[in-house]
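Please treat every number below as a calculation from the coordinates, not as lab data. Note that the structure is predicted; figures quoted are calculated from it, not measured. Positions of Cβ are generated from backbone atoms using ideal geometry, with glycine treated the same way; all protein chains shown enter the neighbour counts.
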Amino acid sequence: MKAIVNKEYGSPEVLHIEEVVKPIPKDNEILIQVHATSVNFGDLMARNFKAVSPQKFNMPWLLWLPSKLSFGLRKPRIIILGNELAGEIEAVGKDVNRFKKGDQVFGYPGLSFGAYAEYVCMPETGAVALKPSNLTYEEAVTLPYGAIMATSLLGRANIQRGQKVLINGASGGIGSMAVQLAKYYGAEVTGVCGTPRLGFVKSLGADKVIDYTREDFALNGETYDLIFDILGRCSFSKIKRSLKPNGIYLLASFKMKALLDMWWTSLAGSKQKVMCAFANETPESLTFVKKLVEEGKVKAIVDKSFPLEQAAEAHKYVEQGRKQGNVVITVTHLAEI
Ligand SMILES: NC(=O)c1ccc[n+]([C@@H]2O[C@H](COP(=O)([O-])OP(=O)(O)OC[C@H]3O[C@@H](n4cnc5c(N)ncnc54)[C@H](OP(=O)(O)O)[C@@H]3O)[C@@H](O)[C@H]2O)c1
């Protein structure tokens, strides 16, 4: 089968097309014929983890070494990227009950990656579900990463109707879904992003938008019930004054200092809380978002599509920082030509 492989770390040029062995599903796995995959934060990081120093790593330095070992010290261990997919099930292992051949699915292989290929296997218990019936594969593939991260992380903060919520990093993969989900939950949402994407975040339903290049939201006197910080670039000591007395500072990316703040606010019984959390990669987040999409409450936004052969171009486009929404890679199979 065709796949985009990267046998060395580096710029998008390391991505090239090759013939590789088609995977065979184990007893508990499904074999998916991939029709669409995407470019997201995880793909960019895994493609060049060599360049990610402990300082640049958006998580505690204690996790950097295991991540380095898992991604590969000098050369990538994951040579086929792609951690979102939409496609059709071509075969199922003998113990599979949740799916059957011909099912149209969308999913998040996560750190297993492998979706920049014509076929990929996933365990049936993995983060995979039937795709929204009203979306094409190209549209559906924009959802899994944001759906898993935003549903799971916002769920921990127990967001309530009428709350004031600020999403710092509202235009990215996690933030763009978080804005839509927070609106669905009935919150008043402020999205923070860069100048070119202010209109995009507004179009997702944000009530207000703040351009981080022009205004520091922590200094404008507004207070929020929940501040969801995707890149974790703020500090609790600074954010405190922007939180209501029972407010929560929720971080998707966090360093040791934020973990200490979380433990301290918890131990000291502080009313303002810090929450650093990892997302649960469960199929339930996908089925939840599928329903919202089918009811017209959440949108899938494709900024641009590239064929599999142009995966390097797709990565370059994302790294240029021009995207508004998701960048999709489509996979054409011989029978479709
Ligand atoms: N906790 C977990 O389980 C988990 C799982 C996966 C990923 N993560 C973390 O999530 C992060 C990636 O999130 P993502 O995929 O949404 O990233 P992304 O698509 O690259 O989006 C990044 C967002 O941050 C904004 N941004 C950039 N610089 C900013 C600044 N100085 N101030 C405020 N906002 C700024 C961007 O705005 P513009 O583009 O408009 O400039 C964009 O909205 C990584 O740090 C990763 O470690 C956490």
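Annotations for the structure displayed:
- Net charge dipole, the range 1-66: roughly 160 debye, given to the nearest 20, about the Cα centre with Cβ charges of +1 for Lys and Arg and -1 for Asp and Glu.
- Relative to the longest principal axis of the Cα atoms of the chain, the long axis of helix 256-267 makes an angle of roughly 60 degrees.
- Contact order relative to length of the range 137-209, as percent, for alpha carbon pairs under 8 angstrom and 6 or more apart: 29 percent
- Fluctuation leader among Tyr108, Tyr185, Tyr224 - the chain, Gaussian network, Cα springs under 10 angstrom: Tyr185
- Loop-located trypsin sites (Lys or Arg not before Pro) in the range 31-104 (DSSP state other than H, G, I, E, B) with a sparse environment of at most 16 neighbouring Cβ atoms within 10 Å: Lys56, Arg74, Arg77, Lys94, Arg98, Lys100, Lys101.
- For the range 251-337, GluC sites (Glu not before Pro) are listed when DSSP marks them as loop and at most 11 other Cβ atoms sit within 10 Å of their Cβ; the list is Glu295.
- Dipole magnitude of the range 231-283, debye to nearest 20 (Cβ charges: Lys/Arg +1, Asp/Glu -1, about Cα centre): 340 debye
- In the range 159-224, taking the dipole from charged Cβ atoms about the Cα centre, the farthest positive-side position among Leu219, Gly169, Leu204 is held by Leu204.
- Degrees separating the helix 61-71 axis from the principal Cα axis of the chain, which is the longest one: 10 degrees
- P(r) tail fraction, the chain - alpha-carbon pairs more than 30 Å apart, %: 35 percent
- Fluctuation leader among Pro25, Pro109, Pro144 - the chain, Gaussian network, Cα springs under 10 angstrom: Pro25
- Between Pro66, Pro132, Pro12, the Gaussian network model of the chain with springs among Cα atoms under 10 angstrom shows the greatest mean-square fluctuation at Pro66.
- Cβ-Cβ distance of Glu13 and Arg214, R₀ of 30 Å, FRET efficiency by 1/(1 + (r/R0)^6): the value works out to about 0.30.
- Taking Cα atoms only, the orientation of helix 144-156 departs from the longest principal axis of the chain by about 30 degrees.
- In a DSSP loop and with at most 16 other Cβ atoms within 10 Å, the trypsin sites (Lys or Arg not before Pro) in the range 169-239 are Arg214, Arg233.
- Residues Cys276, Cys193, Cys234, sorted so that the one with the fewest Cβ neighbours within 10 Å comes first: Cys234, Cys276, Cys193
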